[in-house]
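*Asks:* I'd like to ask you about the structure that follows.
The values are calculated or read from the model by the stated rules, or taken from the named source; none is laboratory data. These figures come from a predicted structure and were not determined experimentally. Here the Cβ positions follow ideal geometry from the backbone for every residue, glycine too, while neighbour counts run over all protein chains shown. Keep in mind that these areas ignore ligands, DNA and RNA; they rest on the heavy atoms of the full protein, side chains included. Shrake-Rupley method; radii C 1.70, N 1.55, O 1.52, S 1.80 Å.
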Amino acid sequence: MQHIIDRFISYVTIDTESDPNSTTTPSTQKQWDLANKLVEELKTIGLQDVTIDDKAYIMATLPSNVEHEVPTIGFISHFDTSPDFSGANVKPQVIKSYDGGDIVLNADKNIVLSPKYFKDLVQYKGQTLITTDGTTLLGADDKAGITEIVTAMEYLIQHPEIKHGKIRIGFTPDEEIGRGAHHFDVEKFGADWAYTMDGSQVGELEYENFNAAGAKITFKGKSVHPGYAKGKMINSMLIANEFINALPKGETPEETRGYEGFFHVHHLNGSIEKTVVELIIRDHNKKKFEKRKALITKITHNINKKFAKQFGEDIAIAEVNDQYYNMKEKVLPVKHIVDIAEKAMKELGIKPLIKPIRGGTDGSQLSYKGLPCPNIFAGGHNFHGKYEYVPVESIQKAINVIVKIAELTAQQ
């Protein structure tokens, strides 16, 4: 257990926050600090073909130890952390034999991790938790996943009696800003399929995610002295408000769950003459996804029609761009890869929680690049913020699942 704790802490104390405004890969120079450390560690534990390219994508091989032909499988995690909250100067706290009550993360700032609010905490009573000190995120997303993959490979190397085929592992930068799979060389990776270790609570097994698009709508206006504005002024902020009000009621992130899609307005910046609204569009169902995008076009068309005579040109300009798609379409034809993971969990006494991801994953992009890639739990909770935590026992269970998947695949 201490070996896992030490390895995980050695990763999370290295700042690897990514930057969506950067045009480089990796998006921040500091991601190299952990990337280079991982390369040396992979060599030290005995993996072969350890490589890192000029964009910090890491790959390595655990050779097969069986004579018969076995599919090559992969395990993938990302080493960047979210820019939503600071990842600098992470000071993890280890809470042994958690008593089920409040955890004071930071007494000076009165920051408390409480099961009254975060109800999942209750199920980890008696276990060892790793938390933040209340001033940063933890980085279990996805350094828990890296810890699990490295430790599982180390265990398989130390226990050659466990039979497995060829295993490829991959660590990527910039997943948190949606670019983790952009430069991933699927052909070089050479796996028949893979699993991202990037889910949350124990048992999560996911092969469905949102279809996703981003929309930017620019509204134009005309500024006139308010005392003489009758019939002349066009306030772009009010038109933007009209657009937002035309979106379906009750179809926002805070009002939906499960397979329900949504529109999410996340940025609004305006003046009388120009207002920009940015939103994301999400739906698991491809037809509904297309209808949602079409609705954006329809609403802006109606606004332009309404103001055509007064403004003389389009007053609302919509840009809608697809971001990623539901991996289900690519995974279902090879559903046995999900079945293997499910069987592994069941044989280890873990109840599989098969559910759709209300978001995206590197696995989605990788699946569309030719590498079917479901997502497995990494064990952490409350990602991207100061209340993030991970039970060490959950990390151990994920390690066990990786080992069992490797073992089961060799039996197929």
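*Asks:* Residues to consider are Ser97, Ser77, Ser86; find the one that is in a loop (DSSP other than H, G, I, E, B), of a type outside the set (D, E, K, R) and modelled with pLDDT of 95 or more.
*Replies:* None of the other options fit; the residue is Ser97.
*Asks:* If you take the residues of the stretch 298-347 that are part of a loop (DSSP other than H, G, I, E, B) and among the aliphatic types (A, V, I, L, M), which of them is farthest from Met237 (Cα to Cα)? Lay out the reasoning, then the answer.
*Replies:* Initial filter on the stretch 298-347 (part of a loop (DSSP other than H, G, I, E, B)): 312-315, 325-327, 335.
Now narrow it down to the ones that are among the aliphatic types (A, V, I, L, M): 315, 327.
Working: Ile315: 12, Met327: 38 Å.
Ranking the candidates gives Met327 first.
*Asks:* Taking only pairs six or more apart or across chains, which ones have beta-carbon atoms under 6 Å, a first residue in the stretch 354-368 that is within 10 Å of Glu206 (Cβ to Cβ), and a second residue that is surrounded by fewer than 24 Cβ atoms within 10 Å (Cβ to Cβ) and of a type in the set (A, V, I, L, M)?
*Replies:* Going by the 6 Å Cβ cut-off, the qualifying pairs are Ile354/Leu205.
*Asks:* Here's a follow-up. If you scan the stretch 96-117, which residues turn out to be within 26 Å of the chain's Cα centre (by Cα), hydrophobic (A, V, I, L, M, F, W, C) and open to solvent by 20 Å² or more (accessible area, probe 1.4 Å)?
*Replies:* Across the stretch 96-117, the qualifying residue is only Val112.
*Asks:* Being within 22 Å of Lys351 (Cβ to Cβ) and among the hydroxyl-bearing types (Ser, Thr, Tyr) is the filter here, so list the residues in the stretch 367-412 that pass it.
*Replies:* Matches in the stretch 367-412: Tyr389, Ser394, Thr409.
*Asks:* Something else now. Which residues, taken from the stretch 275-307, are over 14 Å from Val265 (Cα atoms) and of a type in the set (Ser, Thr, Tyr)?
*Replies:* Thr297, Thr300
*Asks:* I'm checking my understanding of the structure. Among residues of the stretch 383-412 that are part of a loop (DSSP other than H, G, I, E, B) and at pLDDT below 95, which one is most open to solvent (accessible area, probe 1.4 Å)?
*Replies:* Once the filter is applied, the top-ranked residue is Gln412.
*Asks:* Do we find that Tyr368 is surrounded by fewer than 19 Cβ atoms within 10 Å (Cβ to Cβ) and touching a helix residue (DSSP H, G or I) at 6+ places or on another chain (Cβ under 8 Å) in this structure?
*Replies:* Values: surrounded by fewer than 19 Cβ atoms within 10 Å (Cβ to Cβ): yes; touching a helix residue (DSSP H, G or I) at 6+ places or on another chain (Cβ under 8 Å): yes.
Yes: the conditions hold for Tyr368.
*Asks:* In the list Ile296, Ile281, Ile272, which residue meets the criterion of being closer than 28 Å to Phe311 by Cα, among the β-branched types (Val, Ile, Thr) and open to solvent by less than 50 Å² (accessible area, probe 1.4 Å)? Spell out how you get there, then give the answer.
*Replies:* Working: Ile281 fails: closer than 28 Å to Phe311 by Cα; Ile272 fails: open to solvent by less than 50 Å² (accessible area, probe 1.4 Å).
The conditions single out Ile296.
*Asks:* With respect to His182, is the statement that it is open to solvent by 50 Å² or more (accessible area, probe 1.4 Å) and within 23 Å of the chain's Cα centre (by Cα) true?
*Replies:* yes
*Asks:* Looking at Thr28, Thr44, which one is among the β-branched types (Val, Ile, Thr) and surrounded by 14 or more Cβ atoms within 10 Å (Cβ to Cβ)?
*Replies:* Going through Thr28, Thr44 in turn, just one is among the β-branched types (Val, Ile, Thr) and surrounded by 14 or more Cβ atoms within 10 Å (Cβ to Cβ): Thr28.
*Asks:* Scan the stretch 277-305 and report the pairs whose first residue is in contact (Cβ under 8 Å) with a residue 12 or more places away in the chain and whose second residue is assigned to a helix (DSSP H, G or I) and small (Gly, Ala, Ser), with Cβ atoms within less than 7 Å and a gap of 6+ or a chain change.
*Replies:* Val277/Ala240; Ile299/Ala246
*Asks:* Working only within the stretch 47-89, note down all residues that are of a type in the set (D, E, K, R), open to solvent by 10 Å² or more (accessible area, probe 1.4 Å) and farther than 18 Å from Asp185 by Cα.
*Replies:* Glu67, Glu69, Asp84 - these are the residues of the stretch 47-89 that are of a type in the set (D, E, K, R), open to solvent by 10 Å² or more (accessible area, probe 1.4 Å) and farther than 18 Å from Asp185 by Cα.
*Asks:* Please enumerate the residues belonging to the stretch 171-190 that are part of a strand (DSSP E or B) and under 16 Å from Ile337 (Cβ atoms).
*Replies:* Scanning the stretch 171-190 gives no hits.
*Asks:* All but one of (1) at pLDDT below 95; (2) closer than 27 Å to Lys369 by Cβ; (3) surrounded by 13 or more Cβ atoms within 10 Å (Cβ to Cβ) hold for Val338; which doesn't?
*Replies:* Among (1) at pLDDT below 95; (2) closer than 27 Å to Lys369 by Cβ; (3) surrounded by 13 or more Cβ atoms within 10 Å (Cβ to Cβ), the lone unmet condition for Val338 is (1).
*Asks:* Moving to a separate point now. Going by what's in this entry, would Tyr117 be described as free of Cβ contacts under 8 Å to residues at least 60 places away in the same chain, among the hydroxyl-bearing types (Ser, Thr, Tyr) and either under 22 Å from Ile5 (Cα atoms) or not in a strand (DSSP E or B) (or both)?
*Replies:* Taking the combined requirement at face value, the residue satisfies it.
*Asks:* Identify, by number, the condition in (1) part of a loop (DSSP other than H, G, I, E, B); (2) closer than 14 Å to Glu176 by Cβ; (3) not β-branched (Val, Ile, Thr) that Gln29 doesn't meet.
*Replies:* Evaluating Gln29 over (1) part of a loop (DSSP other than H, G, I, E, B); (2) closer than 14 Å to Glu176 by Cβ; (3) not β-branched (Val, Ile, Thr) leaves (2) as the failure.
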